[in-house]
Amino acid sequence: MTYEISRRLLVAAAAGSALALSFATPAFAEVKLTFLVDNAAATVTASEALAAAFHAKNPDISVEVESRPGGGEGDNIVKTRLATGEMTDVFMYNTGSLFHALNPQQNMLDLTDESYQSDIMDTFKSVVSENGRIYGAPFRTTMGGGVLYNKKIYAELGLKVPKTWPEFMQNNAIIKEKTKAAPVIQTFKDTWTSQLFFLGDFYNVLRAVPTFPEDFTANKAKFATTPAAIKGFEHQEEVFKAGFLNEDFGSASYDDGLRMVSTGEGVHYPMLTFAIGNLFETYKDNLDDVGFFALPGDEAANNGLTVWVGEGIYGYAQTEHPDEAKKFMAFVASKEGCDVQTEAIGALGPYMTKSCTLPDDVPSPTKDLVSYFAEGAKNAPALEFLSPVKGPALEQITVEIGSGIRSPIDGAKLYDEDVRKQALQLDLPGWE
């Protein structure tokens, strides 16, 4: 009897202790992740919305968003924090050549075998991969380099979106003959806008010479001696010599170009699609009159878009919470993550996740842009995502070619020399 009483007392005591512990100890220990992003308002808003949505779905993991400056100052912060072992668990950074400069194999979590990779577009995976391994997940939308055009004038003249360069030039000739609008808008007051005939043509270069990025980086290929690569310069000269430009092309600004294409003062404006956001803010009433198409090449069947891929997010290789970091990145890259971002800041371009969709009420040129990412459509990254080499004088060279001051071959030779100087500064092998 005494033994039974003692046993029951021990059991009761143990139960009481367990009950006390259950009140004293939480059901789980919350993991706190840190997430470093640039300080642009849209970036911070999207990041905080993702952090909140992820935490709501995973109450045992919270995400604290930290911000840093953009540009060169931000680059230095990222590189310093990686070098000193003080990087956040997850961080946002560029894709392409700048990504490679961070030594991903040493500094980033390997995401190659994550299940969601089958839902990520190859275009994105190509710019966050090194030695066959994938290190980044897509964040926010991407943009294209091509031609904004006035759909109202196209409809009035019965024109079709051109798939080849001769078709584009034929449309320009009809516009010049039958309207007072400038067939092609150029805005050389803002010299950076002069580059799109050249940079936006890179999809066509890659189709013709698939090894160009590697050969160019290794100093085995030049613009002046690669016929496909010089065509962007030649096209720019061609529209100038044909008299297709607006009369004030030398003094017109980027804002003038947006006004012209939206109101019909001009018809074609070679431009990056981030301009859709500016059109939405300034010329919203005319936005449905603007469309977008890729710069045409030689073959209609191979018509495709040069893409400026959006940022990636990366897991720090030394994080104490690799599984949780990967889980957060998977959420950002998911359809649910895309929807959170769209709700927070809108979407002016396609996501790099195949299952992600955009709302029906996106601007007309955005819908055109998205079509180049549909099943069976063709697109490829711009050269700057595939090579670290881009000469700083390009926009001055394209202004000269586009103004008839310098020939395409002279411009290409000058750019090759400009590129050589930068490659030497980067200490790339094969350059001297």
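The values are calculated or read from the model by the stated rules, or taken from the named source; none is laboratory data. Since the model is a prediction, treat every value here as computed from it, not as a measurement. Reconstructed Cβ throughout: ideal geometry from the backbone, glycine too, with neighbour counts over all protein chains shown. In case anyone asks, the SASA skips ligands and DNA or RNA and just uses the protein heavy atoms, side chains included. Shrake-Rupley method; radii C 1.70, N 1.55, O 1.52, S 1.80 Å.
The table below gives the values:
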| quantity | calculated |
| --- | --- |
| Surface accessible to a 1.4 Å probe, GLU234 within the full protein complex, Å² | 80 Å² |
| Convex hull volume per residue in cubic angstrom - Cα atoms of the range 27-104 | 99 Å³ |
| Alpha carbon centroid spacing (whole Å) that separates the range 128-205 from the range 54-105 | 33 Å |
| Long-range tail of P(r) for the chain (Cα pairs > 35 Å, %) | 37 percent |
| Within a Gaussian network of the chain (alpha carbon springs, distance under 10 Å), most fluctuating of LEU157, LEU383, LEU279 | LEU157 |
| The chain: antiparallel DSSP beta bridges as a percent of all, rounded to 5 | 60 percent |
| The chain - accessible surface per residue (Å², probe 1.4 Å) | 45 Å² |
| Protection-proxy order for peptides 171-184, 76-89, each taking the mean of Cβ atoms within 10 Å per residue, highest first | 171-184, 76-89 |
| Residue-level accessible surface for ARG140, protein heavy atoms, 1.4 Å, Å² | 50 Å² |
| Accessible surface of the range 191-293 [probe 1.4 Å, protein heavy atoms]: carbon and sulfur percent | 50 percent |
| Theoretical ellipticity at 222 nm over the chain - DSSP helices of four or more residues, -39500 (n - 2.57) apiece, nearest 500 | -13500 deg cm²/dmol |
| With eigenvalues of the C-alpha gyration tensor scaled by 5 and rooted, the range 348-425, Å | 36, 17, 10 |
| Student exercise, the chain dipole from Lys, Arg, Asp, Glu Cβ charges, in Debye to nearest 20 | 440 debye |
| Given charges at Cβ of Lys, Arg, Asp, Glu: the chain dipole, positive-most of SER387, ALA83, SER355 | SER355 |
| Over the range 187-311, equivalent-ellipsoid semi-axes from the Cα gyration tensor in Å | 28, 17, 14 |
| 16 Å Cα-Cα reach of LYS180 towards lysines, excluding residues that sit fewer than 8 places from it in its own chain | LYS151, LYS152 |
| Rounded Å value of the spacing that divides the Cα centres of the range 235-285 and the range 372-422 | 20 Å |
| Total lysine pairs whose alpha carbons fall under 18 Å of each other in the range 264-390 (8 or more apart, or interchain) | 7 |
| Per residue Cα convex hull volume in Å³ - calculated over the range 81-201 | 178 Å³ |
